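Worksheet: one structure, shown below.
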Amino acid sequence: MHGSLAHLPAPATTTPAVPIVTMAEVDSFQEINRKYFNQIANTYDDILPTMREHTAKIAQVMAEQVKLDPETTSVMDFACGTGLVSINLVPYVNEVIGVDISDAMVEKYNEKASMNELSAKKMKAVLLDISKDKEKLGGKKFDVII
């Protein structure tokens, strides 16, 4: 028959297998990720020539699109790196807390805050594997997570 679906194969009756990822593999990936970002932390801000410009634009667009209050808004910058986005959000929010699994990135983030004369209350990063160390945030709630 012309125009019928009779010539199409029958749909598959089984779901394709989904690879199973073990916790050991997740832990291994996190360790590889941590080591990589520890190695590039000193040069991260300059990897792309337009990195600073792009992160400033991201913060500007967020400030325009999301209701941010400099008196009350609390932001978590997840996988914060050196704080390129956070530093640009500071004028629009009460506080930014960066979270990263790379100790070198956290160090650079906090150096950036200090060099810009920002208190730890305004902008700080903590070394944290959020999948394991949630209690390090002391139950803190955030208005925005980036």
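Taken together, the values in this text are just the output of simple stated rules run on the coordinates, not laboratory data. Predicted, not measured: the structure shown is a model, and the values here were computed from it. For neighbour counting, all protein chains shown are included, and Cβ atoms are generated from backbone atoms with ideal geometry for every residue, glycine included.
See the values below:
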{"quantity": "For region 40-146, radius of gyration divided by Kirkwood radius, i.e. Rg to Rh on alpha-carbons", "calculated": "0.95"}
{"quantity": "Mean shadow area of region 24-64, taken as a quarter of the surface of its Cα convex hull (nm²)", "calculated": "4.0 nm²"}
{"quantity": "Packing-based order for 30-41, 78-89, using average beta carbon neighbours within 10 Å, highest first", "calculated": "78-89, 30-41"}
{"quantity": "DSSP-assigned coil residues among GluC sites (Glu not before Pro) in region 100-146, each with at most 12 further Cβ atoms within 10 Å", "calculated": "Glu117"}
{"quantity": "Rounded FRET efficiency, nearest 0.05, which uses the C-beta distance separating Ala24 from Phe78 and R0 of 30 Å", "calculated": "0.80"}
{"quantity": "Net lengthening on full extension, Asn38/Glu53 (0.36 nm per residue, minus Cα-Cα)", "calculated": "3.1 nm"}
